[in-house]
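Colleague: One structure is given below, represented as structure tokens, and several questions about it will come after.
The values are calculated or read from the model by the stated rules, or taken from the named source; none is laboratory data. Because the structure is predicted, anything quoted here is derived from the model rather than measured. Cβ placement follows ideal geometry from the backbone for every residue including glycine, while neighbour counts extend to all protein chains displayed.
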Amino acid sequence: DSGVTQTPKHLITATGQRVTLRCSPRSGDLSVYWYQQSLDQGLQFLIQYYNGEERAKGNILERFSAQQFPDLHSELNLSSLELGDSALYFCASSDLRGVGEQFFGPGTRLTVL
Amino acid sequence: KNEVEQSPQNLTAQEGEFITINCSYSVGISALHWLQQHPGGGIVSLFMLSSGKKKHGRLIATINIQEKHSSLHITASHPRDSAVYICAVYRGGGADGLTFGKGTHLIIQP
């Protein structure tokens, strides 16, 4: 158990819908990273938050957004969903702003029908 | 060309064999991670390296910064080592996520 929690574990929804994925980092970790794992693209970095502020953006679509709240949990919002958004979404946390071991949550499996 | 290349893509071996998985990268990095992903999907961090060599139980990871190459070795392999092993690099600068290789699918047969 990494200490990182993600909810829900599975999510099935329809095209055009909006969903919110939630992540609680390990106690004391200030950095949260969101990653997407799809069959064709593999694992890709989406976005990083550090202590409530956005720190870095990767391959995140404009239809996706995220935020980190004062209690350090983070939410990833995916809107106008398309079939191609079906993937495993992981969050990871780290106690550092940059270089540091990342601890991964169990992931949320999103299926868009 | 991907910034992080792993080889082999797939590897099947017999229990007890010595396993080597290779990772080459083409960018400057601050650190390299080796991750393990089991069939259930969960990802576990095995090592984070910025130089030299690290050992944890039967796992050994090495990195050569000049050659931009890292290896993950498994000694006395066991069926429970069957998983996907993923190399990922952190380029640094304090504002970046990991860039991943496509993974090596390892099967250890009893």
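Colleague: Could you grab me the full set of residues in the range A:10-35 that are part of a strand (DSSP E or B), polar (S, T, N, Q) and out of contact with any Gly (no Cβ under 9 Å at 6 or more places or on another chain)?
Modeller: The first filter runs over the range A:10-35 and keeps only residues part of a strand (DSSP E or B), leaving A:10-13, A:19-24, A:31-35.
Adding the requirement that they be polar (S, T, N, Q) leaves A:13, A:20, A:24, A:31.
Selection gives A:THR13, A:THR20.
Colleague: Quick check on my filter: what residues within the range A:52-82 are free of Cβ contacts under 8 Å to residues at least 40 places away in the same chain and assigned to a loop (DSSP other than H, G, I, E, B)?
Modeller: Filtering the range A:52-82 down to residues free of Cβ contacts under 8 Å to residues at least 40 places away in the same chain leaves A:52-54, A:56-71.
The answer is A:GLY52, A:GLY58, A:ASN59, A:ILE60, A:LEU61, A:GLU62, A:ARG63, A:PHE69, A:PRO70, A:ASP71.
Colleague: Quick one: how many residues across the range A:46-62 are hydrophobic (A, V, I, L, M, F, W, C), at the interface with another protein chain (Cβ under 9 Å from one of its Cβ atoms) and over 9 Å from the mean Cα position of the chain (by Cα)? Can you show your working first?
Modeller: Looking only at the range A:46-62, we keep the residues that are hydrophobic (A, V, I, L, M, F, W, C), and these are A:46-47, A:56, A:60-61.
Applying the additional criterion that residues be at the interface with another protein chain (Cβ under 9 Å from one of its Cβ atoms) yields A:46-47, A:56.
Next cut, over 9 Å from the mean Cα position of the chain (by Cα) only: A:56.
So the count comes out to 1.
Colleague: Among the residues of the range B:62-105, write down those that are in contact with a strand residue (DSSP E or B) (Cβ under 7 Å, 6 or more places away or on another chain), in a loop (DSSP other than H, G, I, E, B) and among the hydrophobic types (A, V, I, L, M, F, W, C).
Modeller: B:ALA95
Colleague: Also: Only one of A:SER79, A:SER38 is modelled with pLDDT under 95 and under 17 Å from A:LEU11 (Cβ atoms); which? Give the steps one after another, and end with the answer.
Modeller: Values: A:SER79 fails: modelled with pLDDT under 95.
Of A:SER79, A:SER38, the one residue that is modelled with pLDDT under 95 and under 17 Å from A:LEU11 (Cβ atoms) is A:SER38.
Colleague: Scan the range B:78-89 and tell me whether some residue there is within 8 Å of chain A (Cβ to nearest Cβ) and farther than 24 Å from B:GLU15 by Cβ.
Modeller: Taking the range B:78-89 as the starting set, the residues that turn out to be within 8 Å of chain A (Cβ to nearest Cβ) are B:86, B:88.
Next cut, farther than 24 Å from B:GLU15 by Cβ only: B:88.
There is at least one residue in the range B:78-89 that is within 8 Å of chain A (Cβ to nearest Cβ) and farther than 24 Å from B:GLU15 by Cβ.
Colleague: Tally the residues that are surrounded by 20 or more Cβ atoms within 10 Å (Cβ to Cβ) and in contact with a Lys or Arg (Cβ under 6 Å, 6 or more places away or on another chain), restricting the search to the range A:73-113.
Modeller: So the count comes out to 2.
Colleague: Please count how many residues of the range B:44-61 are more than 14 Å from every other protein chain (Cβ to nearest Cβ) and either surrounded by 15 or more Cβ atoms within 10 Å (Cβ to Cβ) or part of a strand (DSSP E or B) (or both).
Modeller: Initial filter on the range B:44-61 (more than 14 Å from every other protein chain (Cβ to nearest Cβ)): B:52-53, B:55, B:57-60.
Filter again for either surrounded by 15 or more Cβ atoms within 10 Å (Cβ to Cβ) or part of a strand (DSSP E or B) (or both), leaving B:52-53, B:55, B:59-60.
Result for the range B:44-61: 5.
Colleague: Tally the residues that are closer than 30 Å to A:ASP1 by Cβ and surrounded by fewer than 13 Cβ atoms within 10 Å (Cβ to Cβ), restricting the search to the range B:21-43.
Modeller: 3
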